[in-house]
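Read the structure below first, then the notes.
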2 protein chains.
Amino acid sequence: MGEKITSYMVAKRAGVSQSAVSRVFKPGSSVSEKTARKVRKAAEELGYRPNTLARAMASGRSRIIGLVVAYFENQFYPEAIEKLANTLQANDYHVLMFMSWDETEAPETVINDLLDYQVDGIIAASVGVTDVLTKRCEAAGIPVMLFNRHQNDDKLSAVTSDNFTGGRKLAEFLVRGGHERIAHVAGWDGASTQRDREAGFLSGLAAHGMTLFARSCGNFHRDQAQEAARVLLRAEERPDAIFVSNDHMAFAVMDVIRSEFKLRIPEDISIVGYDDVAMSEWPCFDLTTVRQPTNRMAEETVRILLQMIENEESLPCRIALDGPLVVRGSARLPVDE
Amino acid sequence: MGEKITSYMVAKRAGVSQSAVSRVFKPGSSVSEKTARKVRKAAEELGYRPNTLARAMASGRSRIIGLVVAYFENQFYPEAIEKLANTLQANDYHVLMFMSWDETEAPETVINDLLDYQVDGIIAASVGVTDVLTKRCEAAGIPVMLFNRHQNDDKLSAVTSDNFTGGRKLAEFLVRGGHERIAHVAGWDGASTQRDREAGFLSGLAAHGMTLFARSCGNFHRDQAQEAARVLLRAEERPDAIFVSNDHMAFAVMDVIRSEFKLRIPEDISIVGYDDVAMSEWPCFDLTTVRQPTNRMAEETVRILLQMIENEESLPCRIALDGPLVVRGSARLPVDE
DNA sequence: TCATTTTTTGCATGCGCAGTCAAAATGTCA
DNA sequence: TGACATTTTGACTGCGCATGCAAAAAATGA
């Protein structure tokens, strides 16, 4: 038991050379149908499967993609990762997970691990993707894709949803709903998603001659979002609508509104979020939000990454996919229609 | 840029042999402090890092653990995976993710992928871990750990929480709360967690001369759990308490109770769950449940797995960790204390 | 100081496969 | 049938490192 079947063994049994075996298992190689059959038969009988690691060694391609993630707290990430992993698997790649858990120590450690494993490419879905990562990977010639974020550096490819437009849609929606004191619970300002969503939202307000009534920061964390909500609600004059930068924080805000302030949603105050994670649809939240097209984002991310891997000199590209406004019950509806 | 630094280069620069370099980077090898310093200096200057894949080839150990997961829908799994990944990383192992997404096709495909990558060990956290997986891995000599499940086969190591006792605690608690018509929304009967929790629960009821008032199956899926809840609530006589097999389904049940039947929790009906995922603490759920000690489960899982990897012939072992009852507001409290 | 033990070192080999190259087999056309 | 183009094949080498082994160096003891 447990003895390794190598391509040599298969070769011997099939009465061919090891190279022949190798070729049979490498799509697109030149082998006659006759030897292919012999080899496949022998392989079958022996239970042979090519050793991926040896392949990686010899060919210089590991077919491993490093996936860097920070926190699963926000349901959006598990959902996205699941889709990324599936899409990669469908393309014969696999995901090596790197949790950059300790934000301080992580960058260096994670990057080293990543490079040590000779990953063919990297998908960064973590919030705190530092320049260090991207710099060193570039130096090592490893393509990097940013998922759900982008950086100023335009040599970096990134896939996001169209956060600006999404923010704008939300603003439009709230304005049309007749809200007059519209506040914002922001995420971490260092994140492009935050900046884009807020910018879009503000531009949407501005288009109707409005400005933000109040702003408070939740840094994408549940507890901080709750605190941010408390600040807004304790104010002399309360907002009548809040745009929370992502659904995950929106749930926190809703909890504070209902449990602590005993207010009703949307009668007393409207809430809108961003992401449309699975939970947003649950009756207890019923959250109006903008959907991130996770499936397409994952597909595009993988497509571009694989392209960069195969085609050394493909140009960096940034994609922002449109996501629809999903109207549910957490915000007062526009009356005029 | 991008040129590979090999141990040979470091060796040449340091004026030693390649073996020396290799030894310096392998803990526990015999090297003099002097050469170690020379090598480290040269390595530093060249930016050398050992190639993990080559290492794996040469040593036969990939330091990769295959993690098989099925669905992230249930928040418990992302939480667990995060902890498993972190614990493994802390031990210099990494996680290769295998999503067994298509339940029908998956087994064979996933197993093959797993074996092809020469993983050193496997953690199965998926619901549908078939015998096929465990059989083939055993044949290939790869240790397998079952996480949050066990199988009858006692050659398999498994880490779970003590589901029987947990179920029993919940029964005790509901009985002491004066409930008289206690129902159960079950998960998938094929899962050991389901069977153990239910058995414990029933034994707890029996200890007080009670039996289950009604039972309905949700198969661990949200929509089926909702349907199961509807069945229970549409009955002529409604239960006054429901034990739902995991928190994820409990949320679904709560939603149905409140949104569709306009009942109050816990005034009209008590709900208890199992897992204590992060969301259970949220005010909108405030779910009484049994905590799965995820951290310790992850630690034990990794500990045992690494032990099995290093020690060929370590005996299989099954661990069931105790988890506390977490009393919150979703179930009527016992009055007698 | 020399003989003996212990530690350190380098050499050589192999992990399992991919890919290069030249030789062999097959096919084509006149 | 022979001369040539085309496809298929096998020998060989290398990917980057770990490791057994024997030689060299250092440490120890008398």
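Observations
- Looking at the range B:1-129, the accessible area is 45 square angstrom per residue; that uses a 1.4 Å probe and ignores ligands, DNA and RNA.
- An ellipsoid equivalent to the range A:163-292, defined through the eigenvalues of its Cα gyration tensor, has semi-axes of 19, 16, 14 Å when rounded to whole angstrom and sorted largest first.
- In the protein assembly as shown, a dipole from Cβ-located charges (positive for Lys and Arg, negative for Asp and Glu) runs towards its positive end, and of B:Ala191, A:Ser280, B:Phe25 it is B:Phe25 whose Cα lies farthest in that direction.
- Taken per residue, the accessible surface of the range A:140-202 reaches 32 Å², heavy atoms only and a 1.4 Å probe.
- Only Lys, Arg, Asp and Glu carry charge here, each on its Cβ (+1 for the first two, -1 for the last two); on that basis chain B has a dipole of about 1720 debye about its Cα centre.
- Take the accessible area of chain B alone and of chain A alone, subtract that of the pair, and you get about 4700 Å² summed over both chains, using a 1.4 Å probe.
- Listed by chain and number, the lysines placed with their C-alpha closer than 18 angstrom to that of B:Lys26 are B:Lys34, B:Lys38, B:Lys41; residues fewer than eight positions away on the same chain are left out.
- Mean projected area in nm² (Cα convex hull; one quarter of hull surface) for chain B: 21.9
- Shape box of the protein assembly as shown [Cα atoms, principal axes, largest first, Å]: 74, 69, 58
- C-alpha long axis of helix B:106-116 to longest principal axis of chain B, angle in °: 20
- Residue of B:Ser314, B:Ser19, B:Ser59 that the Gaussian network model of chain B assigns the largest fluctuation, springs spanning Cα pairs under 10 Å: B:Ser19
- The string of couplings for the range A:171-184 from the Karplus curve (6.51, -1.76, 1.60, θ = phi - 60°) is 4, 3, 4, 5, 4, 5, x, x, 6, 10, 10, 9, 10, 9 Hz, one whole number per residue in order, with x for Gly and Pro.
- When the solvent-accessible area of the range B:163-292 is split by element, carbon and sulfur atoms take up 48 percent of it, the probe being 1.4 Å.
- Taking the inverse of the mean reciprocal distance over all distinct Cα pairs, the Kirkwood hydrodynamic radius of the range A:34-93 comes to 14.6 Å.
- Amide hydrogen proximity for A:Ala241: with H placed 1.01 Å from N in the peptide plane, the residues at 5 or more positions away or on another chain lying under 5 Å are A:Arg181, A:Ala183, A:Ser270.
- Counting, for every residue in A:47-60, the Cβ atoms of other protein chains within 10 Å of its Cβ and taking the mean gives 4.
- Think of the protein assembly as shown as having a plus end and a minus end, set by charges on the Cβ of Lys, Arg, Asp and Glu; of B:Val327, B:Asn163, A:Val68, A:Val68 sits farthest toward the positive end of this dipole.
- Nearest 10 degrees, 0 to 90: helix A:33-46 Cα axis against chain A principal axis: 80
- Under 5 Å between amide hydrogens, built in the peptide plane, is the criterion, and for A:Ser161 it picks out A:Leu321 among residues at least 5 positions away or on other chains.
- Note on chain A: with a GNM built from Cα contacts shorter than 10 Å, the maximum mean-square fluctuation among A:Gly200, A:Gly141, A:Gly66 falls on A:Gly141.
- nm² value of the averaged projected area, convex hull over the Cα atoms of the range B:1-152: 11.7
- Beta bridge orientation in the protein assembly as shown: antiparallel %, DSSP, nearest 5: 10
- Residue of chain A with the smallest Cβ distance to the axis mapping A onto B, distance rounded to whole Å: A:Pro78, 2.
- Under Karplus coefficients 6.51, -1.76 and 1.60, residue-wise ³J(HN,Hα) of the range A:254-265 in Hz, glycine/proline x: 4, 4, 5, 4, 7, 6, 8, 9, 6, 9, 9, 10
- Across peptide B:296-308, the average count of Cβ atoms from other chains found within 10 Å of a residue's Cβ is 0.
- For the range B:189-272, applying the loop criterion from DSSP together with a ceiling of 15 other beta carbons within 10 Å to the GluC sites (Glu not before Pro) yields B:Glu236, B:Glu237, B:Glu267.
- Given charges at beta-carbon only (K, R positive; D, E negative), |dipole| of the range A:50-208 in Debye: 520
- The alpha carbon centroids of the range B:109-178 and the range B:189-233 are separated by 21 Å.
- Rounded tilt (10° steps) of B:222-234 against the dominant C-alpha axis of chain B: 10
- Between copies, the label points at B:Ser259 (set 7 angstrom from Cα along Cα-to-Cβ) are spaced 1.9 nm, reported in nanometres from shortest to longest.
- HN-Hα J in Hz across the range A:312-317 - Karplus 6.51, -1.76, 1.60, θ = phi - 60°, x for Gly and Pro: 2, 10, 6, 6, x, 9
- Equivalent ellipsoid dimensions for the range A:7-50 as semi-axes, Å, which come from the Cα gyration tensor, largest first: 14, 10, 9
- The mean count of C-beta atoms from other chains within 10 Å of the C-beta of residues in B:316-327, rounded to a whole number, is 0.
- Residues whose placed amide H lies under 5 Å from that of A:Val290, excluding near-sequence neighbours: A:Gly273, A:Tyr274, A:Asp275, A:Asp276, A:Val326
The values are calculated or read from the model by the stated rules, or taken from the named source; none is laboratory data. Small disclaimer: the values here were computed from a predicted structure and weren't measured. Cβ: placed from backbone, ideal geometry, glycine included. Neighbour counts: every protein chain shown. What goes into the accessible areas is simple: the full protein's heavy atoms, side chains included, and nothing from ligands, DNA or RNA. Shrake-Rupley method; radii C 1.70, N 1.55, O 1.52, S 1.80 Å.
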